[in-house]
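The values are calculated or read from the model by the stated rules, or taken from the named source; none is laboratory data. In this text, all values refer to a predicted model and were calculated from it rather than measured experimentally. Reconstructed Cβ throughout: ideal geometry from the backbone, glycine too, with neighbour counts over all protein chains shown. For accessibility, only protein heavy atoms count, side chains too; no ligands or nucleic acids. Shrake-Rupley method; radii C 1.70, N 1.55, O 1.52, S 1.80 Å.
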Amino acid sequence: MNLADSEEMAAHLLARGYVPTENLEEADLALINTCTIRDHAEHKALSFLGRLRKWKRENPSRIIIFAGCAAQRLGNRLKKTFPYLDLVSGAKEIDRFAELLDHSGLFSTNPAEPNPATQSVTGYVTIMRGCNFACSYCIVPSVRGPVHCLPSQQILRQAAQKAAEGYPEIVLLGQTVNAWQEEGKTFADLLNEVSALPGVERVRFVSPHPAFITPQFLAAVENNPKIARHIHLPVQSGSTKVLQEMKRGYSRETLLEKLDALKERGFAISTDIIVGFPTETPQDFEQTLSLVERVHFSAAYCFKYSPRQGTPAAQMQLHTEKTLEERLDILLNKVKGLAESAYRVQIGKPVQILMESPNKGRTSDNFWAKTKKSYPVGSMVNSIVEDVDDTLLLTRD
Ligand code: SF4
């Protein structure tokens, strides 16, 4: 989501004559797009902003924009702590970013020649924003607001434009992306329509919620090979009791049914897991470990529970840091090697690789693959996996 928002904001800066650089010293403007889902993420963004004080002092005409979820949460209070900050643009204001730039008086309003896009095979299209869930640990609904689905006509127009610009892979984005709907149309319909656009070779989507993995969705993907066979589905816990206390809207049993159905349809599944939710007992934690053993995720991103101010879970009694560390260590040991074994089982399988460089690309199930011969970036290569080098498939091609 942040990547797409960054692209959208960057596009408005490109239109005002800026070109991207990762070298701060040569930059005239710093755009910091922030995440606030964990305290740590917000802290890192603020500490980076603090370090920009010297950068701005060296050349006061430099511009600093602080955007995204932390900007939404902290608002104009930021300007008191960081008086050298030029603009604050919250995550809910992304649609008005261009207006904000124009009204700031900091930018020329004469449109500049667009700069050539950097070479990439992936075009991002936001299809919905916000979230209607109220997970007890999560700050997102309060900073991003309720679900707002963009009209399918607009989505299809944007996806078609991306494909015409040379992006064969389209990633549909939303906080709970598969909650997208429109009168008479479901997320599954939208996936099929996007995949049928000329020039679209593959469609991915981020971030889905387990509640919307429906039979209709499964039927749609089953018959459409252009829908990538990888899903990043945050499970958060393997214990029904903790899932209820987290207000996730599913139980271990329904979750397992959905994960099994996805696996039967060839999906590689990666996930996010929170350890040490305040009410998590040692038995609950065991349930998470057993879920990890049972499902064989292709990757699992594990986080210690981090309380977020204003959420119901922030009122609960925290585990000690020692317990959090111990549980995280145990889980990390369990998930260590998941990726390697997910890669190893690919040996002998046919793969379709979308080339992201002349010799490297990603398969439909999101594994990196290296080809022997060189191919044009953006082309699709059919091959067989011959061997594996750590987390890289080596193909026969
Ligand atoms: S589904 Fe839950 S965790 Fe995900 S954004 Fe919504 S409230 Fe947060």
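On the given criteria, is L3 in contact with a Leu (Cβ under 9 Å, 6 or more places away or on another chain), open to solvent by 70 Å² or more (accessible area, probe 1.4 Å) and not acidic (D, E)?
On the way: in contact with a Leu (Cβ under 9 Å, 6 or more places away or on another chain): yes; open to solvent by 70 Å² or more (accessible area, probe 1.4 Å): yes; not acidic (D, E): yes.
Taking the combined requirement at face value, the residue satisfies it.
For every residue, the table says whether it meets (1) in contact with a Ser or Thr (Cβ under 9 Å, 6 or more places away or on another chain); (2) hydroxyl-bearing (S, T, Y).
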residue: Y18; (1), (2): no, yes
residue: N23; (1), (2): no, no
residue: I37; (1), (2): yes, no
residue: L52; (1), (2): no, no
residue: I64; (1), (2): no, no
residue: T81; (1), (2): no, yes
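So, in the range 246-274, exactly how many residues are touching a residue at least 24 places away in the same chain (Cβ under 8 Å), away from the ligand (no atom under 12 Å from the Cβ) and closer than 24 Å to L324 by Cα?
4
Yes/no per residue for (1) charged (D, E, K, R); (2) closer than 30 Å to I273 by Cα; (3) open to solvent by 30 Å² or more (accessible area, probe 1.4 Å):
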residue: S61; (1), (2), (3): no, no, yes
residue: C69; (1), (2), (3): no, yes, no
residue: F82; (1), (2), (3): no, no, no
residue: D102; (1), (2), (3): yes, no, yes
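If a residue must be hydrophobic (A, V, I, L, M, F, W, C) and in contact with a Lys or Arg (Cβ under 6 Å, 6 or more places away or on another chain), how many such residues does the range 171-202 contain?
Step one: of the range 171-202, the residues hydrophobic (A, V, I, L, M, F, W, C) are 171-173, 177, 179-180, 187-188, 190-191, 194, 196-197, 200.
Next cut, in contact with a Lys or Arg (Cβ under 6 Å, 6 or more places away or on another chain) only: 171.
Adding up the residues that qualify gives 1.
Per-residue answers, yes or no, for (1) open to solvent by less than 20 Å² (accessible area, probe 1.4 Å); (2) outside any loop (DSSP other than H, G, I, E, B):
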{"residue": "G199", "(1), (2)": "no, no"}
{"residue": "F205", "(1), (2)": "yes, yes"}
{"residue": "A211", "(1), (2)": "no, yes"}
{"residue": "F217", "(1), (2)": "yes, yes"}
{"residue": "A220", "(1), (2)": "yes, yes"}
{"residue": "K241", "(1), (2)": "no, yes"}
{"residue": "R248", "(1), (2)": "yes, no"}
{"residue": "E253", "(1), (2)": "no, yes"}
{"residue": "L259", "(1), (2)": "yes, yes"}
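Taking the range 33-65 only, how many residues are of a type outside the set (D, E, K, R) and touching a helix residue (DSSP H, G or I) at 6+ places or on another chain (Cβ under 6 Å)? Reasoning before the result, please.
Residues of the range 33-65 of a type outside the set (D, E, K, R): 33-37, 40-41, 43, 45-50, 52, 55, 59-61, 63-65.
When the remaining residues are screened for being touching a helix residue (DSSP H, G or I) at 6+ places or on another chain (Cβ under 6 Å), the result is 33-36, 45, 64.
Total satisfying the criteria: 6.
Report every pair of residues separated by at least 6 positions or lying on different chains whose Cβ atoms are under 7 Å apart, first residue within the range 154-180 and away from the ligand (no atom under 16 Å from the Cβ), second in a helix (DSSP H, G or I) and open to solvent by 20 Å² or more (accessible area, probe 1.4 Å).
Close Cβ pairs satisfying both conditions: L156/E193; I170/K162.
So which helices (runs of 4 or more DSSP H) are wholly in the range 263-366 and hold at least 3 residues that are at pLDDT 95 or above and out of contact with any Leu (no Cβ under 9 Å at 6 or more places or on another chain)?
Details: elements: 282-295, 321-335, 338-344.
So the answer is 282-295, 321-335.
Could you list all residues from the range 127-144 that are open to solvent by less than 40 Å² (accessible area, probe 1.4 Å), near the ligand (Cβ under 7 Å from one of its atoms) and among the aliphatic types (A, V, I, L, M)? Give the steps one after another, and end with the answer.
We begin by selecting, within the range 127-144, every residue open to solvent by less than 40 Å² (accessible area, probe 1.4 Å); these are 127-131, 135-141, 143-144.
Checking the rest, the ones that are also near the ligand (Cβ under 7 Å from one of its atoms) come to 131, 135, 138, 140-141.
The one that is open to solvent by less than 40 Å² (accessible area, probe 1.4 Å), near the ligand (Cβ under 7 Å from one of its atoms) and among the aliphatic types (A, V, I, L, M): V140.
With the structure loaded, tell me whether V147 is within 16 Å of the ligand (Cβ to nearest atom), in contact (Cβ under 8 Å) with a residue 12 or more places away in the chain and of a type in the set (V, I, T) or whether it fails that test.
Working: within 16 Å of the ligand (Cβ to nearest atom): yes; in contact (Cβ under 8 Å) with a residue 12 or more places away in the chain: yes; of a type in the set (V, I, T): yes.
When the stated conditions are applied, V147 passes them.
Hey, any hits in the range 189-196 for a residue that's part of a loop (DSSP other than H, G, I, E, B) and under 20 Å from the mean Cα position of the chain (by Cα)?
Keep residues of the range 189-196 that are part of a loop (DSSP other than H, G, I, E, B), which gives 196.
With under 20 Å from the mean Cα position of the chain (by Cα) added as a condition, the list becomes none.
Among the residues of the range 189-196, not one is part of a loop (DSSP other than H, G, I, E, B) and under 20 Å from the mean Cα position of the chain (by Cα), which makes the answer no.
What about P234, is it within 16 Å of the ligand (Cβ to nearest atom), of a type outside the set (F, W, Y), crowded, with 19+ Cβ neighbours inside 10 Å and free of Cβ contacts under 8 Å to residues at least 60 places away in the same chain?
Numbers: within 16 Å of the ligand (Cβ to nearest atom): yes; of a type outside the set (F, W, Y): yes; crowded, with 19+ Cβ neighbours inside 10 Å: no; free of Cβ contacts under 8 Å to residues at least 60 places away in the same chain: yes.
Against the criterion (within 16 Å of the ligand (Cβ to nearest atom), of a type outside the set (F, W, Y), crowded, with 19+ Cβ neighbours inside 10 Å and free of Cβ contacts under 8 Å to residues at least 60 places away in the same chain), P234 does not qualify.
With the structure loaded, tell me whether S120 is in a loop (DSSP other than H, G, I, E, B), more than 12 Å from the ligand (Cβ to nearest atom) and either modelled with pLDDT under 90 or more than 18 Å from the chain's Cα centre (by Cα) (or both) or whether it fails that test.
On the way: in a loop (DSSP other than H, G, I, E, B): yes; more than 12 Å from the ligand (Cβ to nearest atom): yes; either modelled with pLDDT under 90 or more than 18 Å from the chain's Cα centre (by Cα) (or both): yes.
Yes.
Looking only at the range 327-339, count every residue that is in contact with a strand residue (DSSP E or B) (Cβ under 8 Å, 6 or more places away or on another chain) and open to solvent by 50 Å² or more (accessible area, probe 1.4 Å) and tell me the total. I'd like the intermediate steps shown before the answer.
Filtering the range 327-339 down to residues in contact with a strand residue (DSSP E or B) (Cβ under 8 Å, 6 or more places away or on another chain) leaves 327-328, 331-332, 335, 338-339.
Applying the additional criterion that residues be open to solvent by 50 Å² or more (accessible area, probe 1.4 Å) yields 332.
Looking only at that region, the number is 1.
Residue pairs, Cβ under 8 Å, 6 or more apart or interchain, first in the range 29-48 and open to solvent by less than 30 Å² (accessible area, probe 1.4 Å), second among the charged types (D, E, K, R). List them.
Pairs found: L29/R62; A30/R62; T34/E42; T36/E42; T36/R73; T36/R308; E42/R73.
If I filter the range 381-393 for residues that are farther than 29 Å from I227 by Cα and open to solvent by less than 30 Å² (accessible area, probe 1.4 Å), do I get at least one hit? Step through it out loud before you land on a result.
Step one: of the range 381-393, the residues farther than 29 Å from I227 by Cα are none.
No, the range 381-393 contains no residue that is farther than 29 Å from I227 by Cα and open to solvent by less than 30 Å² (accessible area, probe 1.4 Å).
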